[in-house]
Amino acid sequence: MLVTSRSYAEYEAMFDLSVLPDSILDCCAGGASFTAEAAARGVDAIAADPAYKLEPAELVDTVRKSLPAGSGIVDEHAGSFVWHWYGSPERRDELRIDAADRFLQDVATAPERYIAAELPDLPFGDRRFELVLCSHLLFTWADKFDRDWHLAALRELVRVSNSEVRIFPLVLQGTGAPVDFLPELLDALDNITWETRKVPYEFQAGANEMLVLTRS
């Protein structure tokens, strides 16, 4: 299990965030510090991830071990990544280590913000959150999760959103290859309006767009 610790700054860029709404769901959040830092800004922020069912010591161990494991994926596909946003591998590592520390501190002191759950079945009511974010799950792992799973997951994310769902990136992990079934999947989204938007973040080469879903 890879429980990645992305920083608030990465979320701002990946999802082109400026002003935060009153309530946000990060699904699946892993070891990201976004929920902790959004909550510190007065937002009703909730993170959901199946990793949160782990015992505290096991979660700490998994988060710590995921830091070098994530870097290993980058090293394995070095030609598929660009560094203009981070500036250097060292800066990326600094952001991730700090994010992991913030996440682990917050999950220990405010566990009610961290819900053990996974797509495509979330334990939240309809329209519970103004904004729903999904980072590096859908499309990223399209080689493991098929079209039908993605369709069910997208519909579930829209169900719990009262406004927008933002998903990043739209390519496969590691290689950055396009997702073959993405056009067909978007055509199957009944009663959901979608668009792709450029964002001020790029790490995998060419992965600089997010998918935005809204209720029709």
TODO: Calculate, for THR109 and SER71, the FRET efficiency according to 1/(1 + (r/R0)^6) with r their C-beta to C-beta distance and R0 30 Å; round to the nearest 0.05.
DONE: 0.60
Open item on the list: Compute the distance from the alpha-carbon center of the stretch 108-128 to that of the stretch 170-202, in whole Å.
Closed with: 24 Å
Open item on the list: Run the simple label-point estimate for THR214 and TRP141 please: 7 Å along Cα→C-beta, distance reported in nm.
Closed with: 3.0 nm
Open item on the list: P(r) for the stretch 81-188, please, calculated from all Cα pair distances in 10 Å bins and given in %.
Closed with: 12, 33, 35, 19, 1
Open item on the list: Here are a few candidate values for volume of the Cα convex hull per residue in Å³: (i) 200; (ii) 121; (iii) 112. Which one was actually calculated from the structure I just gave you?
Closed with: (iii)
Task: Per residue, the convex hull volume that the Cα atoms of the stretch 1-89 enclose (Å³) - done: 113 Å³
TODO: Starting from one equal scatterer on each C-alpha and no solvent at all, send me the Debye-based log10 I(q)/I(0) for the stretch 165-211 at q = 0.15, 0.33 Å⁻¹, two decimals.
DONE: -0.41, -1.30
TODO: With unit charges on the beta carbon (Lys/Arg positive, Asp/Glu negative), name the residue among SER80, LEU122, CYS28 whose Cα is farthest towards the positive pole of the charge dipole of the stretch 20-144.
DONE: SER80
- [ ] Pick out the long, greasy-scoring helices in the chain: whole DSSP H runs spanning 20 Å or more along their own axis by Cα, mean Kyte-Doolittle at least 1.0.
- [x] none
Task: Whole-Å semi-axes of the ellipsoid equivalent to the stretch 138-194 (Cα gyration tensor, √5λ, descending) - done: 20, 12, 10
Task: Dipole in debye (nearest 20) - the stretch 1-148, about Cα centre, beta carbon charges: Lys, Arg +1; Asp, Glu -1 - done: 80 debye
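Each value in this text was obtained by applying a stated rule to the coordinates, not by laboratory testing. What you see is a predicted model; the values in this text were computed from it and never measured. Backbone-built Cβ (ideal geometry, glycine too); neighbour counts: all protein chains shown.
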